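Data first, discussion second: the structure below is written as structure tokens.
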Amino acid sequence: MSNKLKKMKKTALYLFLIIGVIIIAYPIYLTIITSMKTPQELSRSFFALPERLNFDNFIAILTDSDYPRTVLNTLTITVFASLGTIAVIPMVSYAIARSMREKRYYKYLYFFLLAGIFVPFTVKMLPLIKVMSVMNMLNIPGLVIVYISSAICEGVFLYVAFIQGIPIELEEAAYIDGATTRRTFVNIIFPLLSPMTATVLIKNGLWFWNDFLLPLLTLNKSPDYWTLTLFQYNFKMTHAINYPMIFAAFPLSMLPIMVFYVFMQKKIIGGLTNGAVKG
């Protein structure tokens with residue numbers, strides 16, 4: 001009876017996985033076959049295969065649109081915002097983790113940052129955009145600064161918990177040998193934070209790359225500032241009647257991050273796995 005129950009559970013699991021794959025893969029399949037059709041083919045049947053492998057829509061987007069510039073803009077924002085988070089968050093977290101038990105100020109600062117996680121973006125959206133407008137920050141550098149500051153709350157929460165699991169005796173031994181606090185952090189603590197750094201970097205990097213709302217509010221004034229998500233949004237608006245062209249823009253918007261994942265998947269999976277387990 002137990003073997004029969006195990007087989008039933010295994011069958012149910014495989015069935016669930018197959019259904020999940022179909023739910024995820026079928027929209028991608030429709031996107032690809034639609035992007036290879038002409039408007040005339042699409043008008044005849046939405047679900048039918050294209051008559052031939054037609055890459056004209058992809059070529060038109062790559063050569064006659066702002067796609068290359070939007071890729072560069074998105075890459076610039078993602079790289080600088082990710083580097084900024086890794087430069088700022090570990091240092092802030094280290095100061096809080098090692099001082100919050102002795103100094104009340106750091107404890108209040110930690111809970112203040114922790115409270116920021118629970119504030120919905122819709123609550124702070126209008127004041128944030130108003131401040132950015134007054135300070136002339138409705139541009140790519142301004143968006144990078146906002147991304148870094150927005151990532152601090154959750155990043156500090158993750159790093160502080162991880163740092164508190166590192167034995168303080170390592171730092172005490174370094175101080176005895178004459179190391180300064182800065183040298184101790186750079187040479188001892190920061191290398192030990194690499195699993196959490198990988199986790200935070202991957203999580204925030206995907207957010208920076210795929211975000212739509214903040215670029216829409218800050219960068220949509222000029223095509224020179226567009227990110228990939230803005231390019232996709234505006235391209236759909238300007239080609240509202242050419243659905244094959246619109247569908248071709250979707251895979252091209254996903255292509256850079258998919259290529260990155262193919263080459264970095266081992267490090268990405270390893271970083272997420274290591275970041276979930278201390279030590």
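Tabulated data for the structure shown
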{"read-out": "Helices (runs of 4 or more DSSP H) fully within segment 23-101 counting 1 or more residues that are under 21 Å from the mean Cα position of the chain (by Cα) and among the hydroxyl-bearing types (Ser, Thr, Tyr)", "value": "67-99"}
{"read-out": "Set LEU219, LEU272: member being among the aliphatic types (A, V, I, L, M) and modelled with pLDDT under 85", "value": "LEU272"}
{"read-out": "Residue in segment 14-34 that is outside the structural domain of VAL186 (by TED's automatic domain parsing), crowded, with 16+ Cβ neighbours inside 10 Å, touching a Lys or Arg at 6+ places or on another chain (Cβ under 6 Å) and over 30 Å from TYR159 (Cβ atoms) present", "value": "no"}
{"read-out": "Any helices (runs of 4 or more DSSP H) falling wholly within segment 115-224 and containing at least 3 residues that are in the same structural domain as THR238 (by TED's automatic domain parsing) and in contact (Cβ under 8 Å) with a residue 12 or more places away in the chain", "value": "121-134, 140-163, 169-176, 194-210, 213-218"}
{"read-out": "Leading residue by the ranking (surrounded by the most Cβ atoms within 10 Å (Cβ to Cβ)) among those in segment 54-89 that are farther than 21 Å from PRO251 by Cα and touching a Gly at 6+ places or on another chain (Cβ under 7 Å)", "value": "ILE89"}
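Condition check ((1) over 30 Å from TRP207 (Cα atoms); (2) touching a residue at least 60 places away in the same chain (Cβ under 8 Å); (3) basic (Lys, Arg)) across all residues:
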position	(1), (2), (3)
LEU42	yes, yes, no
ASP56	yes, no, no
ARG69	no, yes, yes
LEU72	no, no, no
LEU75	no, yes, no
PHE80	no, yes, no
THR85	no, yes, no
PRO90	no, yes, no
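The values are calculated or read from the model by the stated rules, or taken from the named source; none is laboratory data. Here the structure is a predicted model, which is why all the values come from computation and not from measurement. Heads up, the Cβs are rebuilt from the backbone with ideal geometry, glycines too, and the neighbour counts pull from every protein chain shown.
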